[in-house]
Amino acid sequence: MNKGGIFVVSGPSGSGKDTLLSQLFKKCPEIKFSISSVTRPMRAGEKEGEKYNFISRKEFEEMLQRDELLEHNVYVGNYYGTPKTPVLNASKNGDDIIIEVDVNGAKQIREKLPQAVSIFIMPPSFAELEKRLSGRGTETEEVIAERMNSALFEIERATEYDYIVVNDDIDTAVDDIIQIISGSRLMLKRQKHIIDEVLNYVKS
Ligand code: ADP
Ligand code: 5GP
C-alpha cells in the first residue's frame, strides 16, 4: 500500500484555520486530523478529543519524557504538541492527515518528516486579522494583544511554507487547500505502486 500524505497547516490565530478545516472535513471526510495535546484551558464551544486533548502540564511533561510527541511548542504560556503515533499510523495506512501547528511546530515536523507538505493560511490584511480575532469573542483583550504580537512574527515566517492560501473568501480558500491535497496525491512518490502494478502485470 502507498503511504498517505502528511499536511502541515499553520497561520496566525484568527486567520481562519478552524473555519477552513471544518469545511474541508465536511467535503473530504476521508482526510484525518491530528488531535493535539494542549495545556491551555478549553474555550467555550470546544470539546475534549475533537481538536485537542486538554491535559495538565504534568501530563504534558510526562509525554515529553516518554518521547511521545512528534513536535511541541510553548505558545502564549501553554504547551501544545502533536502525538507521534496517530500521524505515523495514518501515513502507514495510506490515509492523508492534517496537522495544525504553529510555525515552530511546522519547522520541527519538516526536519523529522521532509515529505510533509506545508500550507500557510494568510489573513487578507493585518486589520482584518485583528477584526476576526476580536469578533470571535473567545479571548480577553490581553490575550488578543499577545496573539497579534505573535501573528507578526508568524507571518514573517510564511516564506518557510510550500503553499500560501489567502483566506479572504472561505469557499475559495477551502478549494485551494483541496487542490493542494489533490495535486499531492498525483505526485510520482505517491503513485509508484501503480506503475509497479502495471509493469508487473505485463511482465508476469
Ligand atoms: P483560527 O482557527 O485560525 O484561530 P478561526 O477559524 O477561529 O481562526 O477564525 C477566526 C474568526 O474569523 C472566526 O470568528 C471565524 O468565523 C472568522 N472567519 C474565518 N474565516 C473568515 C473569512 N474568510 N471571512 C470572514 N470571517 C472569517
Ligand atoms: P489556539 O489556542 O488558538 O487553538 O492555537 C494557538 C496556536 O497553536 C495556533 O497557531 C495553532 O496552530 C497552534 N497549535 C495547535 N496545535 C498545535 C500543536 O500540536 N503543536 C504546535 N506546535 N502548535 C499547535
Checklist entry - What number, in percent, do you get for the relative contact order of the chain if the mean sequence gap of Cα pairs under 8 Å and at least 6 apart is divided by its residue count? => result 32
Next on the checklist: Sorted from largest to smallest, which semi-axis lengths in Å does the alpha carbon gyration tensor of the range 1-62 give for its equivalent ellipsoid, taking the root of 5 times each eigenvalue?
Outcome noted: 23, 17, 12
Next on the checklist: Could you compute Rg(Cα) / (2.2 N^0.38 Å) for the chain, with N its residue count?
Outcome noted: 1.09
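Quick check on the chain: helices-only [θ] at 222 nm, where DSSP H runs of length 4 and up contribute -39,500 (n - 2.57) each and the sum goes over total residues. Nearest 500, please.
It comes out at -15000 deg cm²/dmol, rounded to the nearest 500.
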Next on the checklist: Could you report the chain's accessible area per residue, 1.4 Å probe, as an integer in Å²?
Outcome noted: 54
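Hey, how much of the P(r) for the range 101-142 falls beyond 13 Å, as a percent of Cα pairs?
65
Given the pairs Lys32/Lys112; Lys3/Lys58; Lys32/Lys131, which span a C-alpha to C-alpha distance of over 28 angstrom in this model?
Violating the 28 Å Cα-Cα cut-off are Lys3/Lys58; Lys32/Lys131.
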Next on the checklist: Give the residue list of GluC sites (Glu not before Pro) in the range 1-108 that are DSSP loop and have at most 12 other beta-carbon atoms within 10 angstrom.
Outcome noted: Glu30, Glu50
Checklist entry - Taking only Cα atoms, what is the 0 to 90° angle, nearest 10, from helix 103-112's long axis to the longest principal axis of the chain? => result 30
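The values are calculated or read from the model by the stated rules, or taken from the named source; none is laboratory data. Just so you know, these numbers come straight off a predicted model, no measurement behind them. With ideal geometry, Cβ positions are generated from the backbone for all residues, glycine too; neighbour counts draw on all protein chains shown. Just so you know, the surface numbers come from the protein's heavy atoms only, side chains and all, with ligands and any DNA or RNA stripped out. Shrake-Rupley method; radii C 1.70, N 1.55, O 1.52, S 1.80 Å.
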